[in-house]
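Here is the structure we will look at.
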Amino acid sequence: MHLARFNRVPLGHFPTPLEKLENLTKALGGPNIYIKRDDCTGLATGGNKTRKLEFLVADAIAQGADILVTQGATQSNHVRQTVAAARKVGMECHALLERRVTNMGDGYEQAGNVLLDDMLGCEYSFFDEGPDMNEEGKKLADRLSVNGKKAYFIPGGGSNSIGALGYANAAQELVYQADNQGLKINKIIHATGSAGTQAGLLAGLHGLNAPIDVIGISVRATKDKQITNVHNLAVKTAELIGIKEELKKEMVVAYDDYVGSGYGQPTDEMVDAISLLAKEEAIFLDPVYSGKGMAGLIGLIKQGHFDKDENVVFIHTGGSAALFAYSHLFSKQMAA
Ligand SMILES: *Cc1c(COP(=O)(O)O)cnc(C)c1O
C-alpha cells in the first residue's frame, strides 16, 4: 500500500490525536477505551469528511474543475466540509440538501451546519425526501458545466473509492500511532452511514496486514444493507489501492440496534452517551452520528461484547456543529 501514488491536497491537521479516555474507561468499568480525534481535523470545525476530501478535491483539480457539487441531509457535516474545502482551493460549491429530518422544530434549516454553510458561501437548495440525490447532483453538475466552467460531482458523504482512500490512509496513521505508543488495538468502533469511513479503514487494515476488527454502528440502514454497502465499497477501494488478497464479506461487522426511529432522529441512548462524554471527558459528540456510535459502544459493553482488558478505539468522526440544531435535547433552560 503506497498512497502517495494518489493525488492529495492538504486540508486538515494530521495526525489527529489518539488518546486514552481514562474517565470513561473508569465509569464503564472497562474495556480500555481510546479515542481517535477525527473531530479535530481542523477544517471548519473538522470531521471525518476532511480525510476523504483531501483525495476527492485533488482529483477534481486534476480534472480541471472549478466548481464542487455535492449532496447531503439538511444538517450534513459532509456538505459543510466540502464547501470549506472548496473555499480553501478557490472553488465554488453547490449543494443539494435533503429534508430527511422534518420534525426538529424551528431553526433546524438555519442553525448548526446550515449556518456554517451560509458563512462559507455555499449555494444550496432544499429537496424533499424521495429523489435519487446522487442523480440530482450529477444533473446539477452537468447544468453548471457551461461557459468554460467545469463542475465535479462528489457523492453523498464523499463515499466512493477515491474518498475512501482517506480512511485507508487513516488506518495507516492509526496503526503507526498505536505501534509508537506500544498499544495493541483489539477493536475499532465508529458510526457508519454512507460507508466510506468503514470501507476505507477495512481496505487500509487489509493492505497493512493488520487484522483489527472494525465495528460499524449504523445510523440509518439495516444491518444487512449496511454490511453489503461497506463490503462493496471496501472491495473497490482495495482494488484501487492495488491490494491483491480478497477482502471477504465476513470481515465486515455492523449493527443497526442504535438507529432508533430513523436517520437523525434522537434516541435516549444517544442523549445519554453525549451527556456522559461531555461530563466525563469534556468531549462533544454529535446527535446524528458519533452520539449513536458511542451509544453503540456503551450498549455492546453492557452486553459483554468486550473483555475487560481489551483495547477499543472509538473514532470520533466529528459533527458537533449539529448540536446547535438539536439544542432542545441538551439545554437545561429549555427543559425547565
Ligand atoms: C458522515 C459522518 C459519519 C459516517 O461516515 P460514513 O463514511 O458516511 O459512513 C460519521 N460521523 C459523522 C460526524 C459524519 O459526518
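The values are calculated or read from the model by the stated rules, or taken from the named source; none is laboratory data. Quantities reported herein were computed from a predicted structural model and do not represent experimental measurements. Because the Cβ atoms are built from the backbone with ideal geometry, glycine has one as well, and the counts that use them run over all protein chains shown. Surface accessibility is based on the protein's heavy atoms, side chains included, excluding ligands, DNA and RNA. Shrake-Rupley method; radii C 1.70, N 1.55, O 1.52, S 1.80 Å.
Please report, ordered by residue number, the strands (runs of 3 or more DSSP E) entirely within the range 29-100 with at least 1 residues that are at negative phi and polar (S, T, N, Q).
Values: elements: 32-37, 67-73, 92-99.
In the range 29-100, 32-37, 67-73 are the strands (runs of 3 or more DSSP E) which contain 1 or more residues that are at negative phi and polar (S, T, N, Q).
Which count do you get for residues in the range 204-230 that are in contact (Cβ under 8 Å) with a residue 24 or more places away in the chain and within 16 Å of the ligand (Cβ to nearest atom)?
Residues in the range 204-230 being in contact (Cβ under 8 Å) with a residue 24 or more places away in the chain and within 16 Å of the ligand (Cβ to nearest atom): 16 in total.
Show me the helices (runs of 4 or more DSSP H) entirely contained within the range 105-193 in which 2 or more residues are of a type in the set (Ser, Thr, Tyr).
161-181
Report yes if some residue within the range 52-66 is under 30 Å from ASN103 (Cα atoms) and within 12 Å of the ligand (Cβ to nearest atom); otherwise report no.
No, because not a single residue in the range 52-66 is under 30 Å from ASN103 (Cα atoms) and within 12 Å of the ligand (Cβ to nearest atom).
Does ALA84 count as farther than 28 Å from ASN186 by Cα, open to solvent by less than 10 Å² (accessible area, probe 1.4 Å), at pLDDT 95 or above and not β-branched (Val, Ile, Thr)?
Details: farther than 28 Å from ASN186 by Cα: yes; open to solvent by less than 10 Å² (accessible area, probe 1.4 Å): yes; at pLDDT 95 or above: yes; not β-branched (Val, Ile, Thr): yes.
Here the answer is yes, as ALA84 does meet what is asked.
Each row is one residue, and each column tells you yes or no for (1) β-branched (Val, Ile, Thr); (2) under 13 Å from VAL230 (Cβ atoms).
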site: LEU165; (1), (2): no, no
site: ASN169; (1), (2): no, no
site: VAL175; (1), (2): yes, no
site: ILE189; (1), (2): yes, no
site: GLY196; (1), (2): no, yes
site: LEU201; (1), (2): no, yes
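Condition first: open to solvent by less than 10 Å² (accessible area, probe 1.4 Å) and touching a helix residue (DSSP H, G or I) at 6+ places or on another chain (Cβ under 8 Å). Now tell me which residues in the range 260-273 satisfy that.
Result: MET270, ALA273.
Using beta carbons and a limit of 9 Å, which pairs, at least six apart or on different chains, have the first residue in the range 188-203 and farther than 14 Å from ALA234 by Cα and the second one acidic (Asp, Glu) and near the ligand (Cβ under 8 Å from one of its atoms)?
Note: pairs meeting the criteria are ALA191/ASP286.
Can we say GLY64 is open to solvent by 40 Å² or more (accessible area, probe 1.4 Å) and modelled with pLDDT of 95 or more?
When the stated conditions are applied, GLY64 passes them.
Sort out which residues of the range 286-324 are farther than 19 Å from ASP256 by Cα and either touching a helix residue (DSSP H, G or I) at 6+ places or on another chain (Cβ under 6 Å) or within 13 Å of the ligand (Cβ to nearest atom) (or both), and write them in order of number. Spell out how you get there, then give the answer.
Just the residues of the range 286-324 that are farther than 19 Å from ASP256 by Cα, to begin with: 307-313, 318-324.
GLY318, GLY319, SER320, ALA321, ALA322, LEU323, listed by residue number.
For the subset of the range 223-259 comprising residues that are touching a strand residue (DSSP E or B) at 6+ places or on another chain (Cβ under 9 Å) and part of a loop (DSSP other than H, G, I, E, B), which member is most open to solvent (accessible area, probe 1.4 Å)?
That would be ASP257.
Of all residues being farther than 17 Å from THR16 by Cβ and within 12 Å of the ligand (Cβ to nearest atom) in the range 159-189, which is most open to solvent (accessible area, probe 1.4 Å)? Just the residue, please.
Among those that are farther than 17 Å from THR16 by Cβ and within 12 Å of the ligand (Cβ to nearest atom), it is ASN160.
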